[in-house]
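The values are calculated or read from the model by the stated rules, or taken from the named source; none is laboratory data. Given the structure is predicted, the values throughout are model-derived calculations rather than measurements. Neighbour counts are summed over all protein chains in view; Cβ atoms, including those assigned to glycine, are modelled from backbone coordinates with ideal geometry. Surface areas here come from the heavy atoms of the whole protein model, side chains and all, with no ligands, DNA or RNA. Shrake-Rupley method; radii C 1.70, N 1.55, O 1.52, S 1.80 Å.
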Amino acid sequence: MGYLLYGVISTLIWMMPLISSILAHRSAAYSCREESLSPRVALALSHCLRWMGKLLAIVHFFSCIFQYSNFYNRCFCNSSAFSRPGAAYAMIIDTTAQAVQPMAARIGALVLACTSASI
């Protein structure tokens with residue numbers, strides 16, 4: 001579901017500047033011929049779409065960074081605290097095997113860091 005939402009939002013974001021450039025071109029082409037409200041409205045809509053596209057692209061970029069850095073993968077988010085506020089729970093059971101794994105990862109990271117620093 002996340003990838004589908006990512007694709008839909010990305011498509012909307014690239015369509016906004018595209019429509020903005022079409023409207024800007026239309027308003028520039030027809031502004032000399034006639035003195036009506038239509039070219040001015042197209043130009044204003046073009047500016048709004050351009051700025052909204054940029055703003056949404058920036059928000060989407062940071063949202064993707066948070067998603068890929070596991071910012072949203074926390075106990076509070078995984079426990080359904082948002083959808084079921086009164087009945088949400090998170091089960092955390094630490095076994096000895098699970099407690100040893102982070103220590104092994106820390107030792108491995110220290111060895112790799114020392115090795116790369118010495119080279």
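Descriptive notes on the structure:
- Considering the conditions (1) open to solvent by 60 Å² or more (accessible area, probe 1.4 Å); (2) at pLDDT 85 or above, ASN78 is excluded by exactly one of them, (2).
- TYR89 being at pLDDT below 85, assigned to a helix (DSSP H, G or I) and surrounded by fewer than 14 Cβ atoms within 10 Å (Cβ to Cβ): no
- Among (1) open to solvent by 90 Å² or more (accessible area, probe 1.4 Å); (2) modelled with pLDDT of 65 or more - the single one ALA113 does not satisfy: (1)
- Top-ranked residue in region 6-40 [being open to solvent by 90 Å² or more (accessible area, probe 1.4 Å) and modelled with pLDDT of 80 or more; ranked as nearest to PHE61 (Cα to Cα)]: TYR6
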